[in-house]
Amino acid sequence: MYLFLSIILATLLGYLLLLIHPLIGGVLAFGIVAGGLVRGVYLLNNINRRLNEIAPESDRVQKVYEAYLKEKNEASS
């Protein structure tokens, strides 16, 4: 239902932008699209930051290095 409502509202907005002067309509349409893209990038960055706080990545090199240090400490003791 939400998708259908979004499609109807976007269609009405597009029709209204066509009715007004093309320059003004173009500027408004560009602002809407650019604002949506910037908001999307912001939300993706926010999601990425939250996921990294929950489960930080531990790469293979770091694991091997820690195992090496552990073996070195055990061998020297």
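The values are calculated or read from the model by the stated rules, or taken from the named source; none is laboratory data. The model shown is predicted, which means the values in this text are computed figures rather than measured ones. Virtual Cβ from ideal backbone geometry, glycine too; neighbours counted across all protein chains shown. These accessible areas exclude ligands, DNA and RNA; they are computed on the full protein's heavy atoms, side chains included. Shrake-Rupley method; radii C 1.70, N 1.55, O 1.52, S 1.80 Å.
Counting only protein heavy atoms and a 1.4 Å probe, the chain has 95 square angstrom of accessible area per residue.
Against the set (i) 59; (ii) 78; (iii) 73, the structure's computed percent of Cα pairs over 14 Å apart falls on (ii). Relative to the longest principal axis of the chain, what angle (0 to 90°, nearest 10) does the C-alpha long axis of helix 2-19 take? Approximately 50 degrees, to the nearest ten.
Among LEU51, LEU37, ILE8, pick out the residue whose Cα is farthest towards the positive end of the charge dipole of the chain, where Lys and Arg carry +1 and Asp and Glu carry -1 on C-beta, about the Cα centre. So the residue furthest toward the plus end is ILE8.
Each Lys and Arg contributes +1 and each Asp and Glu -1, all at the Cβ; summed about the Cα centre of the chain, the dipole is approximately 140 debye.
Summarising the label geometry, the points placed 7 Å from Cα in the beta-carbon direction at VAL38 and TYR65 lie 3.8 nm from one another.
What separates the Cα centres of the range 41-63 and the range 1-38 is a distance of 34 Å.
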